[in-house]
Amino acid sequence: MKQNYAIIGLGRFGGSICRTLAEAGQEVLAIDANEDRVNEYMNIATYAVVGNAQDEAVLRSLGIRNFDYVIIAIGEDIQASILVTLMIKEMGVPHVVAKAQNEYHARVLEKVGADRVVHPERDMGTRIAHNLVSKNILDFIELSDEFSLAEIRVTNPKFFNCSLVKLNFRQKYGLTVVAIRRPNAKIIVSPSADEVVLENDNLLVIGNADDVDLLDRKLNE
Ligand code: ATP
């Protein structure tokens, strides 16, 4: 379904969202106070406009309140990011995603109504660190303070040809296998209990980060 998106701030983060949405055939309005940035996205976004998003009249004239999604990708100017988030939520936009520079900024963005707060630098740092610590954790995404999603390679032959019910990771480690990635095959989403783990499989598991690390050690002893 085609939805409409407005992106405020065309730095690396906002710019990359703009490019990806446009490539996916979505309607994108791109706004930045910097004319050079706007020129860069003139042929990528559906509309690209120079404007200061802190100016409520600018937001109104662009009809921001009619957008399904607004992404606030202003970085360094924390005050601007907070004020713009507040104004856009007050206009009644249903889905507002805002980029935070740090935890304090994130808390304020949540308080003023952001529906989703993202920390791209922190999250990418976490993902890369997990992959550096264990070569067999191929990806790691923190879903919340409690839960993470990890893709773990299985190299310990002890686990090959065992069914998920036999391995019983839920009981042993509190982890749920949500998918199995098998080379040259379709990803097996929501595998059944009798699905068998094969050599070269990667398991996508959800659970606590410490339990993920524990399972990773077992799968690769
Ligand atoms: P990134 O890491 O995504 O490259 P950044 O964290 O370095 O970005 P900035 O460069 O500070 O963030 O801001 C991103 C963009 O937001 C810039 O292009 C800047 O011109 C734009 N911007 C900042 N404030 C406003 C504003 N009030 N209205 C419109 N655009 C703004």
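Which one of these does Tyr104 not meet: (1) touching a residue at least 12 places away in the same chain (Cβ under 8 Å); (2) within 16 Å of the ligand (Cβ to nearest atom); (3) among the aromatic types (Phe, Trp, Tyr)?
Evaluating Tyr104 over (1) touching a residue at least 12 places away in the same chain (Cβ under 8 Å); (2) within 16 Å of the ligand (Cβ to nearest atom); (3) among the aromatic types (Phe, Trp, Tyr) leaves (1) as the failure.
Please specify each residue of the range 71-100 satisfying the condition of being away from the ligand (no atom under 14 Å from the Cβ) and either part of a loop (DSSP other than H, G, I, E, B) or among the aliphatic types (A, V, I, L, M) (or both).
Met91, Gly92, Val93, Pro94, Val96
Taking the range 88-109, which residues are surrounded by fewer than 20 Cβ atoms within 10 Å (Cβ to Cβ) and under 23 Å from Gln3 (Cβ atoms)? Reasoning before the result, please.
Initially, the range 88-109 is screened for residues surrounded by fewer than 20 Cβ atoms within 10 Å (Cβ to Cβ), giving 89-92, 94-95, 97, 101-108.
Residues satisfying the conditions are Lys89, Glu90, Met91, Gly92, Pro94, His95, Val97.
Go through the range 114-221 and tell me which helices (runs of 4 or more DSSP H), entirely inside it, have 3 or more residues that are within 30 Å of Leu86 (Cβ to Cβ). Don't jump to the end; show me each part of the working.
Details: elements: 120-133, 164-167, 169-173, 209-219.
Counting at least 3 such residues, we get 120-133.
Hey, can you tell me all the residues within the range 148-199 that are under 23 Å from Ser134 (Cα atoms) and among the β-branched types (Val, Ile, Thr)?
Within the range 148-199, Ile152, Val154, Thr155, Thr176, Val177, Val178, Ile180, Ile187, Val197 meet the criteria.
Please work out which residue is nearest to Glu56 (Cα to Cα), limiting yourself to the range 19-45 and to residues that are hydrophobic (A, V, I, L, M, F, W, C) and touching a helix residue (DSSP H, G or I) at 6+ places or on another chain (Cβ under 6 Å). Please lay out each step first, then the result.
Of the range 19-45, the ones hydrophobic (A, V, I, L, M, F, W, C) are 21-22, 24, 28-31, 33, 38, 42, 44-45.
Checking which are touching a helix residue (DSSP H, G or I) at 6+ places or on another chain (Cβ under 6 Å) leaves us with 28, 30, 44-45.
Working: Val28: 20, Ala30: 16, Ile44: 25, Ala45: 22 Å.
Selected residue: Ala30.
If we scan the range 183-197, do we find a residue that is in contact with a Cys (Cβ under 7 Å, 6 or more places away or on another chain), surrounded by 19 or more Cβ atoms within 10 Å (Cβ to Cβ) and at pLDDT 95 or above?
yes
Hey, can you tell me all the residues within the range 129-182 that are under 24 Å from the mean Cα position of the chain (by Cα), closer than 11 Å to Asp216 by Cα and at pLDDT 90 or above?
Passing the criteria: Asn136, Ile137, Leu138, Ala150, Glu151, Ile152, Arg153.
From Ala80, Ala57, Ala73, which residue is under 23 Å from the mean Cα position of the chain (by Cα), of a type in the set (Gly, Ala, Ser) and more than 24 Å from Gly25 (Cα to Cα)?
Details: Ala57 fails: under 23 Å from the mean Cα position of the chain (by Cα); Ala73 fails: more than 24 Å from Gly25 (Cα to Cα).
Step by step, each of Ala80, Ala57, Ala73 is checked, and only Ala80 is under 23 Å from the mean Cα position of the chain (by Cα), of a type in the set (Gly, Ala, Ser) and more than 24 Å from Gly25 (Cα to Cα).
The values are calculated or read from the model by the stated rules, or taken from the named source; none is laboratory data. Predicted model, so just to flag it, every value in this text is computed and none were measured. Please note: Cβ atoms are built from the backbone with ideal geometry, for glycine as well, and neighbour counts cover all protein chains shown.
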